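Quick notes on the structure that follows.
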Amino acid sequence: EPPPPRDRCWHDGGQFCYSWEEDAELRLSLEPPAAPGTECYGVRWTPLRPDVTLKDCFSMANVSWYGGPSIRAQRWPLNGAESPAQPLVSGDLSANPAGFGPILERYFLGSTGVTVTVAPDVSLLLSVESHRQFCLETPAGREEPLHSRLCRSFPDGGNPSQCPACSPKHFMRDFPPCRSPIWRYHGPEGSAAKIKRGLRSLVRRLKRHRLQEGVVALGERGTAVLAAVDLVPSERRKRQALALVEPLELSITLSPYAGVTSPLFLRSLRGGEAAGYWLSRQPRPGASSIPLLTTWKGQLCARLNVTSEAALGWYLARARRLRQALGAAYMAFEGVEGNSFLEQDVPAPAELAGDGYTEVLAAALATLGNGTVISAGSRSSHLPLFVQMSPLRSDWSHAGLKGLIPSVLHYSLLGYNFFIPDAVGGSVAGATQGDTELFVRWLQIVTFLPVMAFGTPPWLCCDAWVLNLTRQCIQRHRDFVVPLLLKYSEEWQSLGYPIFRPAWWLSPTDPVAFTIEDEFLIGDEVLVAPITEKGQMWRDIYLPGQGHLWLDTNSARVFDGGTTLRNYSASLAEVPVFVK
């Protein structure tokens, strides 16, 4: 047992300092409040020996916690998740399902009004023990301090759910992708000619089924094949490219990786300025730098060096050139997440510690304009970018449909309100591929999200009535949902409130609301409560906000807020929606 601590700054009313001899020192200091009606404390642990590991744990007993990292089977609240101690850094869930996902902030919100925020320069591990606690700790043997900020919101004070790292920094955005669905191209990609034929075929079918609006999204491989042919822009080529998908628009996909056998990478090895375009291991004195090789989609690759202005300028210019040559309206960037140095246990430059790579690259990509989509976000929710959600399984589990609403609430709480959900029905093979019921229930949720995306077209997966339902949902999204998003995006920009809100937003003192993960609000006025259980045609619906009245859009009946509707009936063609 360590000796009892000593208070070393009893004379200072603004802080407490405790020291455990030869182990660690703790300093608690009263800090300026983050917002009116809150009080904040700085908590700083300092190890006094290299072998001391610092660990702060926060109990889940009678407290629901939100925020932190996205995970493979997303939970709302975080209490239901389970994770061993691992670096709190964004990652690719397809490559590492047990790791943390692409959206991540060092911010945790408790249902008691307490927030925990950790500075980006602190080396940090996070562990989650389901329904017991989550813990923040420092890496062993590093002798680094653990510094966090705790704030408490009083009942009449500021809104505790406003994440300081996540609030917008005064930008205005257009909403081009919101107004129409995304159709992902899964046709032949063997040659440019085959891709062009496949794109024309997809557009013809969309027209035939009266779905000729939206964006056709080409993956990274297809983009690379077309780029090899069409990288030199010309007016004639641009007109041909636009004609490929007219009257729809084209989205292309890029990544910051280059295969080690690609002409692009091989040219850079011959020296000159391009040699610094890729991340490198720190060279020994007098030695030349060696590219830090990593794996991307099964290939050995080098990764763009975002600390080099020359490399970023070259990459952005190449992206603009390609967008013009192919006549693309949108560009999606995959592979933005992750720390390549950490994955290989190699020391990283200071500016790329933690999620530095994601933050720097996102800021650079934001200069490409509002039609830009990225695959990850960390301290970048203020940028005018759309974020692509992680792929979900084609099943009813939390890694599939059941994880969709928890992910929506998680992204939005952290400030990432403008996301593109995974394709309707999920894009990772599951046990129930081709399930009409799953497709319909998924479709009913994404109708109320910023963008509707399709991988498998409805005429391939389902009966004719589902095709008709898809048309109705696209129209409902355009006429009913998009105006709501525009309205509440203004509130987000001025106040920092999320657009998609949990039930507890209107019932902050009702414990029942803290664990509801299958309903969400759009702003304060629309409640969406879809069915996420296979084979079910009814569900219980919690109507938040005591004193409010809710109009059922299906039956035109009015119900009191602060109550639960038992056994509410919803056929496969219906989604329960209430307007306040």
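Structural remarks
- Between E490 and V512, the simple label model (points 7 Å from Cα in the Cβ direction) yields a spacing of 3.4 nm.
- The Kirkwood radius of the stretch 500-579, taken over pairs of alpha-carbon atoms, gives through the Stokes-Einstein law at 37 °C and 0.692 mPa s a diffusion coefficient of 260 µm² s⁻¹.
- Annotation for the stretch 91-152 versus the stretch 540-580: alpha-carbon center distance of 36 Å.
- Positive contributions from Lys and Arg (+1) and negative ones from Asp and Glu (-1), summed over other residues with Cβ under 11 Å from the Cβ of Y257, come out at 0.
- Pairwise FRET efficiency - Q282 versus D560, Cβ, R0 = 56 Å, nearest 0.05: 0.30
- Computed helical MRE - 222 nm, the chain, DSSP H runs ≥ 4 contributing -39500 (n - 2.57), nearest 500: -7000 deg cm²/dmol
- Order by protection proxy (mean Cβ within 10 Å, highest first), peptides 47-60, 437-450, 72-85: 437-450, 72-85, 47-60
- Inter-centroid distance (Cα atoms) of the stretch 456-506 relative to the stretch 43-60, Å: 44
- Solvent-accessible surface of the stretch 501-569, averaged per residue with a 1.4 angstrom probe and all protein chains in place: 45 square angstrom.
- Near S64, the amide H atoms lying under 5 Å from its own belong to S111, T112; only residues 5 or more places off or on other chains count, and H is placed 1.01 Å from N.
- Carbon plus sulfur fraction of accessible area for the chain, probe 1.4 Å, in percent: 53
- Range of Cα positions in the chain per principal axis (Å), largest first: 78, 75, 42
- Full-stretch length increase - D23, R267 - with 0.36 nm per residue and alpha-carbon distance subtracted: 82.5 nm
- Dipole magnitude of the chain, debye to nearest 20 (Cβ charges: Lys/Arg +1, Asp/Glu -1, about Cα centre): 3020
- Taking each residue as 0.36 nm, the span from H209 to T553 lengthens on full extension beyond its C-alpha to C-alpha distance by 121.0 nm.
- Centroid-to-centroid separation of the stretch 380-439 and the stretch 277-356 [C-alpha atoms, Å]: 26
- Calculated FRET efficiency for the pair V346/T53, C-beta based, R₀ 22 Å, to 0.05: 0.50
- Summing charges over all other residues whose Cβ lies under 12 Å from the Cβ of P47, with Lys and Arg as +1 and Asp and Glu as -1, gives -3.
- Using R0 = 30 Å, the C-beta based FRET efficiency linking A310 and S94 works out to 0.45.
- In this structure, the amide hydrogen of W538, modeled 1.01 Å from its nitrogen in the peptide plane, lies closer than 5 angstrom to those of A570, counting only residues at least 5 positions away or on a different chain.
The values are calculated or read from the model by the stated rules, or taken from the named source; none is laboratory data. A quick note: this is a predicted structure, and the numbers were derived from the prediction, not measured. With ideal geometry, Cβ positions are generated from the backbone for all residues, glycine too; neighbour counts draw on all protein chains shown. Keep in mind that these areas ignore ligands, DNA and RNA; they rest on the heavy atoms of the full protein, side chains included. Shrake-Rupley method; radii C 1.70, N 1.55, O 1.52, S 1.80 Å.
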